[in-house]
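FYI, it's all coordinate maths here, none of it is from the lab. Model, not experiment: these values are computed from the prediction. Glycine also receives a Cβ, built like all others from the backbone with ideal geometry; neighbour counts cover every protein chain displayed.
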Amino acid sequence: MNKRIAFVGAGAIGGYIGGNLTALGHDVTLIDAWPAHVEAMRTAGLRLYGMTEPENRTVRVNAMHITDMQSLAKQRPIDIAFIAMKSYDTVWATRLIRQYLAPGGFVVSSQNCINEERIAGVVGWGRTVGCVVGGGVGVELFEPGHVRRTMTKNPNVVSFHVGEPHGRITRRVGELATMLNDIDTAHATDNLWGERWTKLCVNGMRNGVSAATGLGGNARDSHDAIRRVCIRLGGEAVRVGQALGFTLGKVGALDPEKLALAAENDHRALGEIEELMLAGTNAAARSDLQRPSMAQDMAKGRRTEIEFMNGFVAEKGAEVGVPAPTHAMLTEAVKRVERGEIAADPANVLVNR
């Protein structure tokens with residue numbers, strides 16, 4: 001019997017993964033709190049768009065509003081529950097799905113930021129698995145029932161890193177990685193925490209900057225002064241991660257040590273890092289439509305995850321004695337834009353820089 005899969009959160013990532021798993025024949029239920037989105041999926045299906053024509057399709061999905069979840073009590077229990085909500089919604093979303101899990105069911109964080117500890121606080125570490133969505137996936141829910149991928153698939157870039165918190169590769173993470181590999185390149189990792197922090201470095205130098213400035217990915221990395229701010233953010237995050245004892249991989253296309261050196265004004269490293277970042281603005285790899293999730297949230301008037309991203313890096317840096325002042329600055333700038341005190345503008349991250 002196929003495993004029953006549920007996504008609590010069917011936005012950009014939840015809709016993208018869940019919609020594609022449905023198209024592949026898996027038993028998937030998409031659960032979301034946005035009534036218009038749920039209704040659109042129910043009536044017309046989930047429309048998926050990509051950078052190539054074969055990725056554009058409509059998938060008939062089993063969509064459920066969060067207020068209808070009590071009906072799960074009369075159905076077959078959930079074997080795999082993905083949490084694809086914002087970090088600040090992790091705990092209540094996990095509590096909501098916990099009661100519908102099968103005896104051997106488990107919960108997977110497919111979120112930005114580091115939320116496994118929050119999930120484990122609800123269901124226990126034995127039922128907690130991490131799925132780090134890598135830099136090869138950029139997606140956006142741009143209107144109800146419509147999810148758009150804004151980055152070209154690259155088989156040389158791992159899009160999903162699936163791992164256990166204890167670091168051993170188990171049968172369930174192997175099976176989950178195989179399942180996700182049918183969507184995009186996936187692997188089972190014995191370095192979940194290192195992969196998580198590596199992704200935090202990527203998000204930390206991109207998401208908040210776009211949210212505070214209003215710039216998309218290409219415009220952000222093409223702007224000389226803004227790009228230098230991004231490099232400082234990346235380098236600070238690398239040094240904090242190293243101090244925490246994590247084994248870091250490439251930060252997107254960037255070597256972590258060279259990124260840290262570039263942030264510390266090593267001119268040779270800075271030149272190499274800037275060249276790679278500028279190469280990444282090539283529209284063949286990244287659409288001009290590409291906006292990090294936090295910039296999407298800002299544009300929609302939603303709460304951002306800045307405290308769980310750059311704020312978290314600054315907090316952990318303070319704990320281990322590695323200052324991350326650029327992360328602290330960006331956290332405050334994004335919060336001010338979020339509160340409506342200032343408008344999104346490149347000047348927000350260039351003050352006193």
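Expected output is a single nm value to one decimal: the length gained when fully extending between L276 and N56, i.e. 0.36 nm times separation in residues minus the C-alpha distance. What is it?
76.2 nm
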> Cα gyration tensor of region 199-349, axes a ≥ b ≥ c as square roots of the eigenvalues: rounded (a/c below 1.5), prolate (a/b > b/c) or oblate?
Replying inline: oblate
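Calculate how many DSSP beta bridges within region 1-122 are antiparallel, expressed in % of all such bridges and rounded to the nearest 5.
Of all bridge pairs located within region 1-122, approximately 15 percent are antiparallel.
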> Going out from 0 in 20 Å bins, what whole percent of all Cα-Cα distances in the chain drops into each bin?
Replying inline: 31, 59, 9, 0
> Could you list log10 I(q)/I(0) for region 173-264 at q = 0.16, 0.23 Å⁻¹, which the Debye formula gives when each Cα is one point scatterer?
Replying inline: -0.71, -1.06
> Averaged over all directions, how much area does the convex hull of the C-alpha atoms of region 225-268 cover when projected, in nm²?
Replying inline: 3.0
>> Starting from the 7 Å offset along Cα-to-Cβ, what nm value, one decimal, do you get for the label separation of E39 and I342?
In response: 3.9
>> Rounded, prolate or oblate for region 32-168? Axes are the square roots of the Cα gyration tensor eigenvalues, ordered a ≥ b ≥ c, and the cut-off for rounded is a/c under 1.5.
In response: oblate
> Gaussian network model of the chain, Cα springs within a sub-10 Å range: biggest mean-square fluctuation belongs to which of T58, T90, T304?
Replying inline: T58
> Cross-link list K3/K153; K3/K300; K153/K258; K74/K335; K74/K153; K86/K316: which exceed 32 angstrom alpha carbon to alpha carbon?
Replying inline: K3/K300; K74/K335; K74/K153
> Among rounded, prolate and oblate, which fits region 313-353 when a ≥ b ≥ c are the square roots of the eigenvalues of its C-alpha gyration tensor, a/c under 1.5 means rounded, and a/b larger than b/c means prolate?
Replying inline: oblate
> To the nearest 0.05, how large is the calculated FRET efficiency for K300 and T170 if R₀ is 30 Å and r is the Cβ-Cβ distance?
Replying inline: 0.20
> Which percent, to the nearest 5, of DSSP beta bridges fully inside the chain are antiparallel?
Replying inline: 30
